[in-house]
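A short write-up of the structure that comes next.
The values are calculated or read from the model by the stated rules, or taken from the named source; none is laboratory data. Fair warning: this is a prediction, and the values are worked out from it, not measured in the lab. With ideal geometry, Cβ positions are generated from the backbone for all residues, glycine too; neighbour counts draw on all protein chains shown.
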Amino acid sequence: MADNILAGPRPAKKVGVNPIIWKMAVLFIIPLMTFIIPAPEGLQELAWKLLGIYLAAIVGLVIKPYPEAVILLLAIAASAGVIGNIGIPGTKGGLKIDSVLSGYASGTTWLVFAAFTLSAAFVTTGLGKRIAYTLVGKIGKTTLRLGYVTALLDLLLSPATPSNTARAGGIVFPIFNSIAVALGSDPEKSPSKVGRYLMVNIYMVTKTTSYMFLTGFAGNALALSLMRDILHIKLSWGGWALAAVFPGLIMLAVIPYIAYKIAPPELKTIDNKAIAEKGLAELGSMSIKEKGLGVIFIFALLGWIFSGYIGMNEASVAVSVMSITLLCGVVSWDDILKNKGGWSTLIWYGGIIGLSSTLAKSGFFTWLADSLSHRFDFSGMGGAVVPILLLASILVRYLFASGGAYVAAMVPVFATLGLVSGTPPMVLALAILFSNSYGGCVTHYGGAAGPVVFAAGYNDIKSWWIIGLTVSLITYAVQLLIGIPWWEFLISHGWL
């Protein structure tokens, strides 16, 4: 008691508003405004109210009062209630709850979910590490070459790892972080010895490989699905890869060198053989699961490339591959159940696709395109539309820490703007689809892999942002000067 008296009165506890409460209040106010304010002229009441719910879901993905899956389930429930009470004039019974849930029947959703199985398998079997150490032993005798090992490794893994966080943060980062430590690079005492270069290079490389394949980043399939309702395009897995191969490989050739010049490592040469031998020795001999996964991975790539010739779409191939990995024991059902990222993606992807599809069926995007065509004059701009939209997309990416949230919020807007400008739909689509990934280079929070790599402590914000901006702008120039002519060539020959 005496001690308490001598200590004096205790400071009053600060009472503040629970962050979840104010975030949920914001999400409640957004759709409420569409219930209070009359719908704009020409837009149906249902579309106006669904827009409020959609916007609330997008904001929820950004401010995250709850996980993404929870936000989308709430949005689906709200949309179902609105549809049940209002319906669409002129349609028998109006839209049904099935429309909002249609995203879970979408092949896009299942393509991404099934590909997550392969992604997890590369980690659990150790095949990803084995490929990495093999490449280090064969190629990485200098620090610059280690940068190219990173690029090659990420390129090999990206077709089957839609989570670039799992790819860069779960496979590539741990390996090259351990290499940096083995080479005597300490985050506090000697970050520039080799660690700073290796870490920033990991992120810049994965933001490039992420747009090279439809399954290289989970947001790719979502963006393509959203664009189908607006631009009415059809793009296969093989068509995507073919369109991305030239600009993507050019950037993979220059990114390690750019990072090397801006964040030069003090250590120039390394004993790569010793590092590789130690890493492979820890892994032991190649297991049956690793061999099985390698074979299945090759069949998956062939299936996606030639899906049109074998009468299966990309989603069917992905589900088949997932089934085979289970039947062959490469992964177990428990492994899939533990893959929280895959299940979370399944729920919120299906939800956002369903909401977008319902919004399209309600006539919102048709109304938006018509409204924009009357408010914006694109005459005389010619080929300047795509460069302007791409530059805007890079600048806007500064505001988003989630690639998925950016896709859901901005892709429909940029697609609609491009559509009313008269830009060829396929060229416009490819430009926007690719810009999401490389636009995320500009900051260390532009994708979930960024914080994972940055948290290692080797990098400072200034050099990271300089490298990121440089990579983004060079990629932007490559897309315009090489990408667009390449896409036009492919379109003219009927390959897209």
Report summary line: Within the stretch 179-189, restricting to residues that are in contact (Cβ under 8 Å) with a residue 24 or more places away in the chain and assigned to a helix (DSSP H, G or I), the one that is surrounded by the fewest Cβ atoms within 10 Å (Cβ to Cβ) is 182
Requested in this report: Have a look at 369, 401 and point out the one that is within 24 Å of residue 103 (Cβ to Cβ) and surrounded by fewer than 18 Cβ atoms within 10 Å (Cβ to Cβ).
Outcome: 369
Report task. Within the stretch 105-152, track down each residue that is at pLDDT 90 or above, over 18 Å from the mean Cα position of the chain (by Cα) and closer than 30 Å to residue 234 by Cα. Result -> 152
Query raised in the report: Quick one: what pairs do we get from the stretch 47-64, first residue touching a residue at least 12 places away in the same chain (Cβ under 8 Å), second of a type in the set (Asp, Glu) and assigned to a helix (DSSP H, G or I), C-beta under 9 Å, 6+ apart or different chains?
Result: 60/68; 61/68
Query raised in the report: Can you spot a residue in the stretch 445-466 that is surrounded by fewer than 24 Cβ atoms within 10 Å (Cβ to Cβ), closer than 20 Å to residue 61 by Cβ and touching a Pro at 6+ places or on another chain (Cβ under 7 Å)?
Result: yes
Report task. Could you look through the stretch 41-51, keep only residues that are under 33 Å from the mean Cα position of the chain (by Cα) and outside any helix (DSSP H, G or I), and pick out the one that is nearest to residue 76 (Cα to Cα)? Result -> 44
**Report entry** Total residues in the stretch 286-316, condition free of Cβ contacts under 8 Å to residues at least 60 places away in the same chain, of a type in the set (A, V, I, L, M) and either assigned to a helix (DSSP H, G or I) or closer than 22 Å to residue 346 by Cα (or both)
**Finding:** 5
Report task. Take the stretch 190-224 and flag every residue that is among the small types (Gly, Ala, Ser), buried (at least 24 other Cβ atoms within 10 Å of the Cβ) and not in a helix (DSSP H, G or I). Result -> 210, 216
Query raised in the report: What are the residues in the stretch 423-434 that are in contact (Cβ under 8 Å) with a residue 60 or more places away in the chain and either closer than 16 Å to residue 55 by Cα or not in a loop (DSSP other than H, G, I, E, B) (or both), if any?
Result: 425, 426, 427, 428, 429, 430, 432, 433, 434
Report summary line: Within the stretch 63-103, the residues that are of a type outside the set (Gly, Ala, Ser), outside any loop (DSSP other than H, G, I, E, B) and at pLDDT 90 or above are 70, 71, 72, 73, 74, 76
Query raised in the report: Being at pLDDT below 90 and surrounded by fewer than 16 Cβ atoms within 10 Å (Cβ to Cβ), is that true of even one residue in the stretch 404-422?
Result: yes
Report summary line: Expected output for the stretch 482-494 (first residue surrounded by 14 or more Cβ atoms within 10 Å (Cβ to Cβ), partner in a loop (DSSP other than H, G, I, E, B), Cβ below 6 Å, 6+ apart or cross-chain) is 490/496
Report task. Filter the stretch 265-276 down to the residues that are out of contact with any helix residue (DSSP H, G or I) (no Cβ under 7 Å at 6 or more places or on another chain) and not polar (S, T, N, Q), then identify the one that is farthest from residue 141 (Cα to Cα). Result -> 274
